[in-house]
Every structure is written in structure tokens, then in C-alpha cells.
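The values are calculated or read from the model by the stated rules, or taken from the named source; none is laboratory data. Because the structure is a prediction, the values reported are computed rather than measured. Please note: Cβ atoms are built from the backbone with ideal geometry, for glycine as well, and neighbour counts cover all protein chains shown.
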Amino acid sequence: MKLASTRTPALRATFLEAARRGLAPDGGLFAPVEVPRFADAADLLKLDFQARSAEILHRFLGDELSRSDVEGLVRSAFTFPAPLVPVRPGLSALELFHGPTLAFKDFGARFLARVLALDAGTTPRTVLTATSGDTGAAVACAFLGLQGVRVVVLYPAGRVSPLQERQFATCGGNVLALAVDGVFDDCQRLVKGAFEDPDLVSRQGLTSANSINIARLLAQLLYYYEAAAQVGGDAPRVVAVPSGNFGNLYAGLLAQATGAPIHRFVVATNANRVVPDYLDTGEYRPRPSVATLSNAMDVGAPSNWERIHALFRGDHDAMAAALRWGVRSDAETRQTILDLDREGYLADPHGAVACGVLQAQLREGEQGIFLATAHPAKFCESLEPTLGREIPLPRALSDLLAKPLLCEPLAADQAALKRRLL
Ligand SMILES: *Cc1c(COP(=O)(O)O)cnc(C)c1O
């Protein structure tokens, strides 16, 4: 697969180079120069998840990886299901939280870790990642114990849930958790800054496991096919994506471009509404993030928007025509959680944002699917008061509570990060 930077089309990379680097050297993001179109998409739907995923990835990566390498990656990365759970006729949830850290980010992080391990001769020594909650856990867990790689997780101190923090800050070993005195955008800025420092990049073999890394997004494309396969029928499929950094939506748009039978995407955000406002007005105005119930989506300067913008060649009208969108406040999200609970479906705040926007945007005769991106128990602190009852913790989470936190504080300052990394 040939990739080019969103900022300098002449700046090319192979898939393995792009996975190794994360960010392009000009500060842009790597995106496929050409998206393949699968004329047999309908036949692909008949395969099971593993066989279909290996086939799709082979078509993207066949020029760099052997079929058996691709099959091995798929087998070892995707060891858990992505069930489509009906909520009521015409509405279902694609549950993406059945991996080891109980959020959809396991798909991308586990695939990326295995791609980098395949490429062992040039394995980077430091994987630097900023997290608003779930990325840190997925990345730490995916890389924990991998030879010759150090994982450094930056997160906003006091702004991730205690359970989320325990998922990445209790690992130890080759995982270092840095609690940044700031918000998620500060963490993201520090990571970007580190990648613009050639000294750090070359001396530390720095790479990123954030969704700026194309390997993660390629893995996420696979479950959009899975959603289409499970829903069946002929009704137009409308998929709502709870969005923060917009990697998940980009992966969905890629899946659609390859021919996955998805009629339309619904962009769903919380009060961090930079993209919905852009779609409304044509004016793109990043701004500081605000804290919400769905904290993994508290992003004021979404890094993957650059890729989506490039995919539509910057044509605002085309984007506005292709997408639907909406914003949900915390109060509305709580109401959606209560409404769904009454129907027998327990949603986490992120899935609930997507469901709320979807319900407002769905038209007669369409089949609505919202992405349930995290296990509700990860957010029991906010869900329990809303629901008025306890949510049982799955074993993967309850075991963590007994473990000590191994994080270090860090000022939101580029020089401080550099000192800590060297
Ligand atoms: C990261 C995350 C999101 C946002 O995904 P993006 O790809 O950044 O838009 C949504 N929900 C949960 C639970 C997440 O962890």
C-alpha cells in the first residue's frame, strides 16, 4: 500500500514505514494514495470475521506482507467478537468492547503492536501515546512485555476515570504512565511536539500508537464490514460513530470507499462540537476541549479530521451532503442511557451519545447501528448515580482495583517531557 502525507502529496511511505513513524515527517498524517474498490464486497460479507479480515488486509498489504503473515496478524490480534446486539426493530448496537481492555481501541492497538513486532529488525524503542482514557489502556496492554519496546502513556491528571487510569498506570514493566498537569489537548500537543524533535525521533526511535497511526485505522475498517454482515437485509444501513479524534469515522469512511454496504455515517459528538459546527457553517475552528461524561471524546482539536478533510478533497459541501451529524449534551446522554436501560440495553456514555444522535437523524425504513465503543462498567462512577443501581464489574476490571498506581507526574511542558524521555 502506498501512502502519502496529507500535507505534502509527494511525501510517500509504505505501510510499514508509516506504521513505524506514526506522524509524517512534515507533521501531516499518512493516508492511502488510492483506496482499493472491492467489486465483490457482497461476497466478502459471507465470510466469517477472521477470514474476511485476512482477505481485506491482504488486498491492502499484499505488496509488503505475505498472506500467512497477514493471517497470523489477524489470528493473534482479533481474538474477541464484535457482536451486533438488537435494541429494538431498526436499531442495534455494534459492541466493540469485548477485547482485553473493554474498549474498541483494542482492535487497532493489538494490530499495531503485532505489525511493529513483525517488523522486528527496525522495532522502535519508544511508543509515545497521549490518551483521553481508553487508548492508554489498549496500547499499554497490547505492548506490555514486548521485547525492546518502551511504552510511554501521557494522560491528563485527574481527568480520566479511576478505572481507566488503573488500566494503564498499574502495568509497570515496559509501560511508563505520565500524569500530565493539563488537559488531553496538552498531552496531544506534547506528543506532536516530541515528533517534531528530530533528536528525540532518531535517538529514541519514537513512534506513535495514537490514531494518527494508520495501522490502527486499517484494523478498525474491518468491523464496519462485520456490522454490515451481521445486520443482513436490504434496508439502508446508517452507522453512528461517537467521535473525538475522528479516527473511527475515518476508518468507516475508508470501509465505505472500498465498497462496504453502508449507506451513510452519522457523526456524533458531545459538547466538543468542532466538527458538527464545521459541517453546519463551513468554518473550522478548533478550541479548547471541555470535560463531559463521554470523556474519551473530549477533544477540541481532532487530529484525524485532517485525513477526512483530505478524503473529501476539502470540499465542505460534499462532506455536508455525505454525512449527517449531531451533538448531545450530558443531560441528553443521561436521558438516552435511562431510555435504553428501560428497553433492556445498558449503554456506556459514548455509545449513548451515538445512539442519541442516531435516533434524531434516522429516517423511515433505515437500519440504524450505533457503535458501542466501551463497556459500561468502565464508567460505573457516572452511570451508577444515573441508573440508581450498581453495575457489576467484569473480572478484568475488578482485579485492577487492588493494584498500586505506578504513574509519575509531568508538567505540561515540552522540555520536561524531553528530559524524561532521554
Ligand atoms: C477513543 C474513543 C472514542 C472516540 O474515537 P475517535 O476515533 O477518537 O473518534 C469514542 N468512544 C470511546 C469509548 C473511546 O475510547
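Among the strands (runs of 3 or more DSSP E) confined wholly to region 172-284, which include 3 or more residues that are of a type in the set (A, V, I, L, M) and out of contact with any His (no Cβ under 8 Å at 6 or more places or on another chain)?
Strands (runs of 3 or more DSSP E) meeting the threshold: 175-181, 237-242, 264-269.
For G172, the conditions (1) more than 24 Å from L293 (Cβ to Cβ); (2) within 21 Å of the chain's Cα centre (by Cα) all hold with the exception of (2). Taking region 29-100 as the region of interest, the strands (runs of 3 or more DSSP E) fully inside it that hold 1 or more residues being in contact with a Ser or Thr (Cβ under 9 Å, 6 or more places away or on another chain) and of a type in the set (G, A, S) are 30-32. If you check V239 against the conditions, is it more than 10 Å from the ligand (Cβ to nearest atom), surrounded by 24 or more Cβ atoms within 10 Å (Cβ to Cβ) and either under 20 Å from the mean Cα position of the chain (by Cα) or at positive phi (or both)? When the stated conditions are applied, V239 passes them. Those helices (runs of 4 or more DSSP H) of region 349-422 in which 2 or more residues are under 19 Å from A157 (Cα atoms) and touching a residue at least 12 places away in the same chain (Cβ under 8 Å) occupy 380-387, 414-421. The condition (being surrounded by fewer than 21 Cβ atoms within 10 Å (Cβ to Cβ) and not charged (D, E, K, R)) is satisfied by just one residue among A177, A157, A138: A157.
Here V35 meets each of (1) touching a helix residue (DSSP H, G or I) at 6+ places or on another chain (Cβ under 9 Å); (2) more than 16 Å from T258 (Cα to Cα) with one exception, condition (2). Only a single criterion out of (1) under 29 Å from S398 (Cα atoms); (2) modelled with pLDDT of 95 or more is not satisfied by A377, namely (2).
Within this structure, F38 passes the test of being in contact with a Gly (Cβ under 9 Å, 6 or more places away or on another chain) and either touching a residue at least 40 places away in the same chain (Cβ under 8 Å) or surrounded by 15 or more Cβ atoms within 10 Å (Cβ to Cβ) (or both). Residues of region 341-376 that are hydrophobic (A, V, I, L, M, F, W, C) and within 10 Å of the ligand (Cβ to nearest atom): V353, A354, L371, A372, A374.
With the structure loaded, tell me whether A138 is in contact with a helix residue (DSSP H, G or I) (Cβ under 6 Å, 6 or more places away or on another chain), of a type in the set (A, V, I, L, M), within 16 Å of the ligand (Cβ to nearest atom) and within 29 Å of R203 (Cβ to Cβ) or whether it fails that test. Yes, satisfied.
Of N248, N210, all but one fail to be modelled with pLDDT under 95, out of contact with any Pro (no Cβ under 6 Å at 6 or more places or on another chain), within 16 Å of the ligand (Cβ to nearest atom) and not acidic (D, E); the exception is N210.
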